[in-house]
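Comments concern the structure below.
The values are calculated or read from the model by the stated rules, or taken from the named source; none is laboratory data. Note that the coordinates shown come from a computational prediction; the quantities given were computed from them, not determined experimentally. Counting neighbours? That spans all protein chains shown, and the Cβs are built from the backbone with ideal geometry, glycine included. What goes into the accessible areas is simple: the full protein's heavy atoms, side chains included, and nothing from ligands, DNA or RNA. Shrake-Rupley method; radii C 1.70, N 1.55, O 1.52, S 1.80 Å.
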Amino acid sequence: MGSSYEKLKYNQYFIDTSGDINNTGKATFKIEYKSINYEYKGVLTHANYLVRYDDKRNVIQVHFEGTKDVPDWVTNIIFQPKYYKSFTWNNKKITLKVHKAWAAMYKVMKDFVRKEVTDLLNIHKEAEIEVIGWSLGSGQAMLCAQDLNYNFGIKAHLYTYGSVNLFKTNIFNRRKTLKYLRSTVKDYHIFCNRNDIVTYLVPRIFGFVKFNRLNIKGKLNIFKMFRVLKNHFIYDQESLYESIYRKELKS
């Protein structure tokens, strides 16, 4: 991979992957997701992704679309854990269990995503990889980052917004599982508005976790958590990331 990687501003990834959902007029490109229809639990739904090459930065991007309609919400709430895969890492056995419906969605897309990413890498051998998702797409992005590393040794830069809890763990394997997941990427930015209720799903009390939780500006207010249409759609506001930028400058 190239050594001159230049990331975008954090809010820019959200603007682009959401299709500029708040009409800021600041999208760097017009996103057009590829859609794969499939049936899950008797519900016709779809998996949406886009793989593209950014020639200005020499970056291959993998985007996953957020929750858009009723079938997406049905997929979101069916959260039984499902065995995903077992393997040995650093002489330790890793058994991944994930949100069942989200795993089924990624399975529909994974062969297409793998091929498109590796085809672009064969052309742009020094390109960096970014994997990006919001809401429902955040879970798909986390699965994709792990998948690309496990199958191809690719370490991506992971950016997710309104980030869900995807991986099922318990008190005995949680630390080991998270350590493994974090090792699969070059860096991870799992952005969560403290008042975005989606970022608490599936509840941690059931053992579900994400790579990490990176809280953006704001104080937790239980009453605000139910204002989903406001708090789940604010990630395009650059001011929310000021404290994170300051910490990065100090490090």
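Quick notes on this structure:
- Applying the set (1) open to solvent by 40 Å² or more (accessible area, probe 1.4 Å); (2) under 18 Å from residue 139 (Cβ atoms) to residue 9 leaves exactly one unmet item: (2).
- Scanning region 41-55 for residues that are closer than 17 Å to residue 66 by Cα and in contact with a helix residue (DSSP H, G or I) (Cβ under 6 Å, 6 or more places away or on another chain) returns 45, 47, 49, 51.
- Hey, residue 196 on the phi < 0 side of the Ramachandran plot and at pLDDT below 95 or not: yes
- Condition broken by residue 26, with the remaining ones in (1) open to solvent by less than 70 Å² (accessible area, probe 1.4 Å); (2) touching a residue at least 24 places away in the same chain (Cβ under 8 Å) satisfied: (1)
- Complete set of residues in region 197-216 that are in contact with a Lys or Arg (Cβ under 9 Å, 6 or more places away or on another chain), buried (at least 17 other Cβ atoms within 10 Å of the Cβ) and not in a strand (DSSP E or B): 199, 202, 207, 211, 216
- Any chance residue 230 is under 23 Å from residue 132 (Cα atoms), of a type in the set (D, E, K, R) and open to solvent by 90 Å² or more (accessible area, probe 1.4 Å): yes
- Residue 151 being free of Cβ contacts under 8 Å to residues at least 40 places away in the same chain and out of contact with any Phe, Trp or Tyr (no Cβ under 7 Å at 6 or more places or on another chain): yes
- When we screen 117, 131, 113, 108 for residues that are within 17 Å of the chain's Cα centre (by Cα), in a strand (DSSP E or B) and either hydrophobic (A, V, I, L, M, F, W, C) or surrounded by 22 or more Cβ atoms within 10 Å (Cβ to Cβ) (or both), the only hit is 131.
- Residue identified as closer than 30 Å to residue 57 by Cα and part of a helix (DSSP H, G or I) among 175, 182: 182
- The residue pairs whose first member lies in region 187-200 and is within 23 Å of residue 149 (Cβ to Cβ), whose second member is of a type in the set (Gly, Ala, Ser) and open to solvent by less than 50 Å² (accessible area, probe 1.4 Å), and whose beta carbons are closer than 7 Å, counting only pairs six or more residues apart or on different chains, are 190/163; 191/163; 192/163.
- Residues located in region 150-180, provided they are in contact with a strand residue (DSSP E or B) (Cβ under 7 Å, 6 or more places away or on another chain) and closer than 20 Å to residue 13 by Cβ: 154, 155, 156, 157, 158, 159, 160, 161, 162, 163, 166
- Across region 134-157, the qualifying residues are those that are part of a helix (DSSP H, G or I) and open to solvent by 10 Å² or more (accessible area, probe 1.4 Å), and the one among them that is nearest to residue 234 (Cα to Cα) is 149.
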